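Shown next, in structure tokens, is the structure this report addresses.
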Amino acid sequence: MSYKVRSLHADEWPRAKALRLEALRDPVAPIAFMETYGSAVARPDSYWRERAGRSAEGASGAQQIIAEGPDGEWVGTVTVLMEEPGTTDWAGLPVERLQGHLVGVYVQPGHRGIGLTEVLFDAGLEWAWAQGAGRVRLLVHEDNARALRAYRRAGFVETGVTTTLGPDLDERELELAVERPDPESDR
């Protein structure tokens with residue numbers, strides 16, 4: 001695979017903004033993202049600069065990982081948010097231990113199905129483990145079959161935790177997680 005996977009640099013906020021807006025146009029965006037294209041495109045540049053700065057290389061609370069295609073075009077992304085024990089996450093779920101939370105997963109249609117999601121996840125997991133996370137999780141809409149398949153291929157398993165997000169209480173988000181590997185198991 002001739003893709004480069006790396007952390008975002010803070011000054012790359014315009015490219016991060018463009019990729020996010022592209023993701024919000026994806027047909028599954030209404031069930032995959034907690035934001036609409038209309039609300040995102042209306043945000044001022046200061047929002048995008050701050051967002052990039054909080055998740056850029058060197059940040060400790062979040063990290064946005066991007067994938068560059070062979071021509072330098074950004075073709076995929078994932079962001080890892082660190083969640084502290086004793087807090088409540090943005091979905092209202094209690095956080096019991098230091099963990100990473102994958103959000104904003106997107107790979108352009110022409111680059112799907114080649115393992116790029118797994119490579120992005122590997123980079124995100126590596127960063128989260130370096131921050132001391134005991135596990136990394138994500139939430140996915142129960143009807144997002146494409147994402148569920150990709151997450152399971154990447155080693156994420158359903159935890160049994162579900163939540164509802166948004167106004168429709170009949171729609172569920174499923175929690176999937178990967179536990180930090182035990183370094184002793186490799187010996």
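The values are calculated or read from the model by the stated rules, or taken from the named source; none is laboratory data. None of these values were measured; they are calculated from a predicted model. What goes into the accessible areas is simple: the full protein's heavy atoms, side chains included, and nothing from ligands, DNA or RNA. Shrake-Rupley method; radii C 1.70, N 1.55, O 1.52, S 1.80 Å.
Structure data summary
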item: Accessible area per residue, Å², region 128-167 with all protein chains present, probe 1.4 Å; result: 48
item: Percent accessible area from carbon and sulfur atoms, region 42-182, protein chains only, probe 1.4 Å; result: 49
item: Heavy-atom SASA rank of 51, 152, 25 (probe 1.4 Å, accessible area, largest first); result: 25, 152, 51
item: The chain: most fluctuating residue of 43, 20, 135 per GNM, C-alpha cutoff 10 Å; result: 43
item: Accessible-area ranking of 111, 9, largest first, probe 1.4 Å; result: 9, 111
item: Other-chain or far-sequence residues with amide H under 5 Å of residue 172's (modelled H); result: 142
item: Mean separation of Cα contacts under 8 Å, 6 or more apart, over the residue count of the chain: relative contact order %; result: 17
